[in-house]
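Below: one structure, written as structure tokens.
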Amino acid sequence: MKLKNYIDRYAYQIEYSEEDKIYISRCAELPDLLAHGKTDIDALKEIKVVVGETLKWMEEEGEDFPEPLSHHKYSGELRIRMSQEKHRQVALKAKLQGVSMNQYILSRI
């Protein structure tokens, strides 16, 4: 896949910083990168520039690009570990609501 295709298929998040009065953008596949702009559109454009430059550098170094999250296949399963006491609490709350633990946990996310 071409470099531009990676940039266009990556997942981006833009949030407003009230403290800094700017929009901050991030790329999920390259979480150490961030950029900013006066508008959300400017912030998106800037992060794509930063991602593009990073991918060019990675290419020169012979590194593989991170796979876009949009290409991942998700199973729909999530295994979590918790203490026995927390497990008991979740099981009890689910039972009291008449739902499975999965349904109870999903309702809480």
Scan of the stretch 1-52 for residues that are of a type in the set (Gly, Ala, Ser) and buried (at least 17 other Cβ atoms within 10 Å of the Cβ), ordered by number:
Ser25, Ala35, Gly37, Ala43
Is it the case that Gln97 is surrounded by 12 or more Cβ atoms within 10 Å (Cβ to Cβ) and either over 30 Å from Asp8 (Cβ atoms) or touching a residue at least 12 places away in the same chain (Cβ under 8 Å) (or both)?
no
All positions within the stretch 16-33 that are in contact with a Ser or Thr (Cβ under 8 Å, 6 or more places away or on another chain) and more than 17 Å from Leu69 (Cβ to Cβ):
Tyr23, Ile24
Residues being farther than 30 Å from Lys4 by Cα and surrounded by 13 or more Cβ atoms within 10 Å (Cβ to Cβ) - total across the stretch 65-90
2
Looking at (1) at pLDDT below 95; (2) farther than 21 Å from Glu59 by Cα, which one does Asn5 not meet, given that it meets all the others?
(2)
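The values are calculated or read from the model by the stated rules, or taken from the named source; none is laboratory data. Predicted, not measured: the structure shown is a model, and the values here were computed from it. Positions of Cβ are generated from backbone atoms using ideal geometry, with glycine treated the same way; all protein chains shown enter the neighbour counts.
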